[in-house]
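A.B. asks: Got a structure for you, written out below as structure tokens; questions coming shortly.
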Ligand code: 5RP
């Protein structure tokens, strides 16, 4: 690996070998996803807690503070929409030059192994990797599962291994029974996608299980930004990924930050009411 590529990857996967990536790219095929209707408002309080942010270029340009230090893992595949039965018809949506213009630390592309568009999505991955090598930009392969595709060990191990064999620098996949086999047979770092919103404790257990079984971290979206308390949730996830917290300890962290922020909001409100009363005296 070239120095520039290694340097970019080290901004995403920290010195402990772990990362908490925040995925906010859902709109590229789902449109205005719950929790991302106003992506800028959602991202702002979470950004400093994320080791990396995974948005589309539209969201970067409209909704992310350009002064941020948080590295961007730019989603560069798309062309499909949730209205189609088969989601696998994706192409490249961003040139490497534009990714560089946006100062992306890495680019991300979905692959659909076993789908009608398997070959095209895999060749898009290899084209992207070739360009990434030219400029020192790492490539994240996302093993998309589509609407009708399985999520078992055999399928995910196959997809992750193919992605790594074709040259992906890191891979994102789903948790499954036998996850350790998926990790062991994938020679590059593997981050876990969060999936559908779960109750907070269950999402923290999922995170814990993935880390215990060898994941290099998470690239989590809905289980953070659709939480009742997203800022508390991302800190709880961080406690597991970076500080080896148990799910229960992380859940306690979640509850205490959530409670403190409610108290903070209440006292702010009280402050406003008090100053309004003060004003009305004059
Ligand atoms: C879809 C993606 C999304 O970014 C990611 O999977 C969504 O994150 P989450 O499932 O945690 O909401 O890559 O292929």
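The values are calculated or read from the model by the stated rules, or taken from the named source; none is laboratory data. What you see is a predicted model; the values in this text were computed from it and never measured. With ideal geometry, Cβ positions are generated from the backbone for all residues, glycine too; neighbour counts draw on all protein chains shown.
A.B. asks: Inside the range 84-99, can you point out the residues that are part of a loop (DSSP other than H, G, I, E, B) and within 16 Å of the ligand (Cβ to nearest atom)? Walk me through it before giving the result.
C.D. replies: At the first step, the residues of the range 84-99 found to be part of a loop (DSSP other than H, G, I, E, B) are 84-90, 93-95.
The answer is 84, 86, 87, 88, 89, 90, 93, 94.
A.B. asks: Do you know which residues across the range 215-236 are away from the ligand (no atom under 15 Å from the Cβ), in a loop (DSSP other than H, G, I, E, B) and either under 21 Å from residue 252 (Cβ atoms) or out of contact with any strand residue (DSSP E or B) (no Cβ under 9 Å at 6 or more places or on another chain) (or both)?
C.D. replies: 228, 229
A.B. asks: Related question: Filter the range 151-168 down to residues that are in a loop (DSSP other than H, G, I, E, B) and away from the ligand (no atom under 16 Å from the Cβ) and give me whichever is nearest to residue 132 (Cα to Cα). Step through it out loud before you land on a result.
C.D. replies: Initial filter on the range 151-168 (in a loop (DSSP other than H, G, I, E, B)): 151-152, 166-168.
Keeping just the survivors that are away from the ligand (no atom under 16 Å from the Cβ) gives 152, 166-167.
On the way: 152: 30, 166: 13, 167: 10 Å.
For the range 151-168, the residue satisfying everything is 167.
A.B. asks: Scan 158, 92, 166, 123 and give me the residue that is over 29 Å from residue 40 (Cβ atoms), in contact with a helix residue (DSSP H, G or I) (Cβ under 6 Å, 6 or more places away or on another chain) and surrounded by fewer than 19 Cβ atoms within 10 Å (Cβ to Cβ).
C.D. replies: Values: 158 fails: in contact with a helix residue (DSSP H, G or I) (Cβ under 6 Å, 6 or more places away or on another chain); 92 fails: over 29 Å from residue 40 (Cβ atoms); 123 fails: in contact with a helix residue (DSSP H, G or I) (Cβ under 6 Å, 6 or more places away or on another chain).
It is 166.
Rundown of residues vs (1) in contact (Cβ under 8 Å) with a residue 24 or more places away in the chain; (2) surrounded by 13 or more Cβ atoms within 10 Å (Cβ to Cβ); (3) closer than 22 Å to residue 225 by Cα; (4) away from the ligand (no atom under 12 Å from the Cβ), yes/no style:
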position	(1), (2), (3), (4)
19	yes, yes, yes, yes
34	yes, no, yes, no
75	yes, yes, yes, no
102	yes, yes, no, yes
108	yes, yes, yes, no
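A.B. asks: Please work out if residue 45 is in contact (Cβ under 8 Å) with a residue 24 or more places away in the chain, surrounded by fewer than 21 Cβ atoms within 10 Å (Cβ to Cβ) and not in a helix (DSSP H, G or I).
C.D. replies: yes
A.B. asks: Only one residue in 4, 91, 79, 35 is at positive phi and more than 17 Å from the chain's Cα centre (by Cα), so which one is that? Break it down stepwise before answering.
C.D. replies: Numbers: 4 fails: at positive phi; 91 fails: at positive phi; 35 fails: more than 17 Å from the chain's Cα centre (by Cα).
Among 4, 91, 79, 35, only 79 is at positive phi and more than 17 Å from the chain's Cα centre (by Cα).
A.B. asks: State whether the residues of the range 1-17 include one that is assigned to a loop (DSSP other than H, G, I, E, B) and either within 16 Å of the ligand (Cβ to nearest atom) or modelled with pLDDT under 95 (or both). Spell out how you get there, then give the answer.
C.D. replies: First pass over the range 1-17, keeping only residues assigned to a loop (DSSP other than H, G, I, E, B): 1-2, 13-17.
Imposing the further condition that a residue be either within 16 Å of the ligand (Cβ to nearest atom) or modelled with pLDDT under 95 (or both) reduces the set to 1-2.
Yes, because at least one residue in the range 1-17 is assigned to a loop (DSSP other than H, G, I, E, B) and either within 16 Å of the ligand (Cβ to nearest atom) or modelled with pLDDT under 95 (or both).
A.B. asks: Residue 171 - would you say it is crowded, with 17+ Cβ neighbours inside 10 Å, farther than 27 Å from residue 264 by Cβ, within 16 Å of the ligand (Cβ to nearest atom) and at pLDDT below 95? Walk me through how you get there before you give the answer.
C.D. replies: Numbers: crowded, with 17+ Cβ neighbours inside 10 Å: yes; farther than 27 Å from residue 264 by Cβ: yes; within 16 Å of the ligand (Cβ to nearest atom): yes; at pLDDT below 95: no.
No; evaluated as a whole, the condition is false for this residue.
A.B. asks: Residues of the range 188-208 being over 14 Å from residue 173 (Cβ atoms) and surrounded by fewer than 18 Cβ atoms within 10 Å (Cβ to Cβ), which ones?
C.D. replies: Residues satisfying the conditions are 196, 197, 198, 199, 201, 202.
A.B. asks: Among the residues of the range 164-174, is any closer than 22 Å to residue 82 by Cα, within 21 Å of the chain's Cα centre (by Cα) and free of Cβ contacts under 8 Å to residues at least 40 places away in the same chain? Walk me through it before giving the result.
C.D. replies: So the first thing to find is which residues in the range 164-174 are closer than 22 Å to residue 82 by Cα, and the list is 172-174.
Narrowing further to those that are within 21 Å of the chain's Cα centre (by Cα): 172-174.
Filter once more, so that each one left must be free of Cβ contacts under 8 Å to residues at least 40 places away in the same chain: 173-174.
Within the range 164-174 (the criterion being closer than 22 Å to residue 82 by Cα, within 21 Å of the chain's Cα centre (by Cα) and free of Cβ contacts under 8 Å to residues at least 40 places away in the same chain), the answer is yes, since at least one residue qualifies.
A.B. asks: What's the number of the only condition in (1) surrounded by fewer than 24 Cβ atoms within 10 Å (Cβ to Cβ); (2) within 16 Å of the ligand (Cβ to nearest atom); (3) within 21 Å of the chain's Cα centre (by Cα) that residue 129 fails to meet?
C.D. replies: (2)
So that you can scan it fast, the table gives a plain yes or no per residue for (1) within 24 Å of residue 26 (Cα to Cα); (2) within 15 Å of the ligand (Cβ to nearest atom); (3) part of a helix (DSSP H, G or I); (4) without any contact (Cβ under 8 Å) to a residue 24 or more places away in the chain:
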| residue | (1), (2), (3), (4) |
| --- | --- |
| 177 | no, no, no, no |
| 195 | yes, yes, no, no |
| 202 | yes, yes, yes, yes |
| 206 | yes, yes, yes, no |
| 210 | yes, yes, yes, no |
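A.B. asks: Condition (residue is within 15 Å of the ligand (Cβ to nearest atom), touching a helix residue (DSSP H, G or I) at 6+ places or on another chain (Cβ under 7 Å) and under 20 Å from residue 132 (Cα atoms)) applied to the range 36-45: is it met by at least one residue?
C.D. replies: no
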